[in-house]
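What follows is calculated from the coordinates using simple rules that are stated; it is not laboratory data. Everything numeric in this text was worked out from a predicted model, so none of it was measured. Reconstructed Cβ throughout: ideal geometry from the backbone, glycine too, with neighbour counts over all protein chains shown.
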Amino acid sequence: MTVNPERYLEQARNRLEQALASYLQPEDSPVMAAMRYSVLGGGKRFRPLLLLASGQHFGAAEELLLPYACALELIHNYSLIHDDLPLMDNDDFRRGQPSCHKKFGEALALLAGDGLLTLAFEILAAAPAPGHCYQLKDRITAEIAMAAGARGMIAGQWLDISFNPDNRDLAAFEETALKKTAGLIRVAAVSGARLAAAPAEAVAALDGYGRYLGLAFQLRDDLQDLDRDRLPGQAFRPNLAAVLGLKAASKLLSDWLNLALQELRRADIDSEILTFFINQLQPDRENQL
Ligand code: GRG
């Protein structure tokens, strides 16, 4: 069966938006208003779409996958709110709108981030277990916690903000990207497959796919950052693309995407959507991801 990736993604995105809005209830408190503002104000929904595509490729029902997909998106949104705070990246805008702390103040932004992270695990606790296998569900939940936690994304964030600007060590950039950005992307690809009870070699291949796709996602953001207009006084922080230069960075981006494709091929995972994600991140693409 051939699937039109754009159509599939648009429909899945609509269902995700509905599910996300249903979790962000009731709307009666300032903290929830800040949570809703941040989550429901746009975003590509890349990580939850990846989880859905991976799970559906192996036959899982969307009903089973949606809570896990939403939990990942809430964790991602918490990280963006906290990343934008003055004591971290100090960004006034997110997704073309005032960032959460600009709109609601720092205290509410901090609490909205905390609220989203906590809500993600409330959703996971209430989520159905695949085939009533609670052991598998515990494993998926633990992997999500590890990817987000102090050995994963939080560690990556610290590596990023404490980075010595004179450091030109490529391995250090890669470690930061792996933890800060690739971890959630990797666990999205893996969780979908685990929820569908995919064979072990497919799960391992999706882990590799998610790793390279996540690295590519960060490098592509670094490449775009080279061209980004900066506000007066806003410093340019050296990133991997700046250290490598445009040509070498574009080549590395293609190499990583190629490795992601090889991971799919080695396990015979013939998914138009998972391949579409790779193509969307190619350096010369005007893409939506
Ligand atoms: C605060 C613990 C903590 C972690 C923050 C993700 C992150 C870690 C910081 C965001 C900074 C950043 C620009 C990271 C590069 C990866 C990236 C491009 C993130 C933005 O994700 P998208 O593009 O955002 O998926 P949307 O808006 O589409 O959801």
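On full extension of the chain, what length is gained from Gln97 through Asn14, given 0.36 nm per residue of separation minus the C-alpha to C-alpha distance?
Roughly 27.8 nm would be gained on extension.
Show which aspartates and glutamates lie in cross-link reach of Lys44 when reach means a straight Cα distance below 17 angstrom and same-chain residues fewer than eight apart are skipped.
Glu6, Glu10, Glu17, Glu73, Asp221, Glu286
Please build a GNM for the chain, connecting alpha carbons under 10 Å apart, and tell me which residue among Arg228, Arg151, Arg13 fluctuates the most.
In this elastic network of the chain, the residue with the biggest mean-square fluctuation among Arg228, Arg151, Arg13 is Arg228.
Please give the length that would be gained between Ala61 and Asn164 if that part of the chain were fully extended, namely 0.36 nm times their separation in residues minus their C-alpha to C-alpha distance (nm, one decimal).
32.5 nm
How long is the gain from Arg265 to Ala129 if the chain were fully straight, where each residue apart is worth 0.36 nm and the alpha carbon distance is subtracted?
Full-extension gain reported as 46.1 nm.
How do 197-204, 60-67, 160-167 rank on mean C-beta neighbours within 10 Å, highest first?
In decreasing order of mean packing, 197-204, 60-67, 160-167 become 60-67, 197-204, 160-167.
Per-residue HN-Hα couplings for the stretch 262-276, Karplus 6.51 cos²θ - 1.76 cosθ + 1.60 at θ = phi - 60°, whole Hz, x for Gly and Pro?
Once θ is set to phi - 60°, the couplings for the stretch 262-276 become 4, 4, 5, 5, 5, 10, 6, 8, 9, 10, 5, 6, 5, 6, 4 Hz.
Could you grab the relative contact order for the stretch 14-145? Cα pairs under 8 Å, six or more apart, rounded to a whole percent.
That works out to 26 percent.
Which translational diffusion coefficient, to the nearest whole µm²/s, is obtained for the stretch 77-215 from the Stokes-Einstein equation, given a Kirkwood hydrodynamic radius over C-alpha pairs, 4 °C and 1.567 mPa s?
In µm²/s, the coefficient rounds to 79.
Taking Cα pairs under 8 Å and at least six residues apart, what relative contact order does the stretch 63-219 come out at, in percent?
21
Using a Förster radius of 25 Å, what is the FRET efficiency between Ala142 and Thr275 based on their Cβ-Cβ separation? Nearest 0.05, please.
0.30
Per DSSP H run of n ≥ 4, the term is -39500 (n - 2.57); total these for the chain, divide by its residue number, and report the mean residue ellipticity at 222 nm rounded to 500 deg cm²/dmol.
-22000 deg cm²/dmol
Springs between alpha-carbon atoms under 10 Å, Gaussian network over the chain: tell me which of Gln218, Gln157, Gln135 tops the mean-square fluctuations.
Gln135
Please list, in order, the residues from the stretch 250-289 whose amide nitrogen is less than 15 Å from a point placed 7 Å along the Cα→Cβ vector of Thr2.
Counting backbone N atoms under 15 Å from the label point, the list is 271-273, 276.
Show me the ranking of peptides 208-214, 142-148 by mean Cβ neighbours inside 10 Å, starting with the highest.
208-214, 142-148
Can you tell me, using C-alpha contacts under 8 Å and at least 6 residues apart, the relative contact order of the chain as a whole percent?
The value is 18 percent.
Stick to Cα atoms and the Kirkwood definition of Rh, then tell me Rg/Rh for the chain.
Ratio value, two decimals: 0.95.
Considering the chain as a Gaussian network with a 10 Å cut-off on Cα pairs, which listed residue, Met153, Met35, Met88, attains the greatest mean-square fluctuation?
Greatest mean-square fluctuation among the candidates belongs to Met88.
Rg and Dmax in Å for the stretch 43-129, alpha carbons only: what are they?
My reading of the Cα-based Rg and Dmax gives 14.8, 44 Å.
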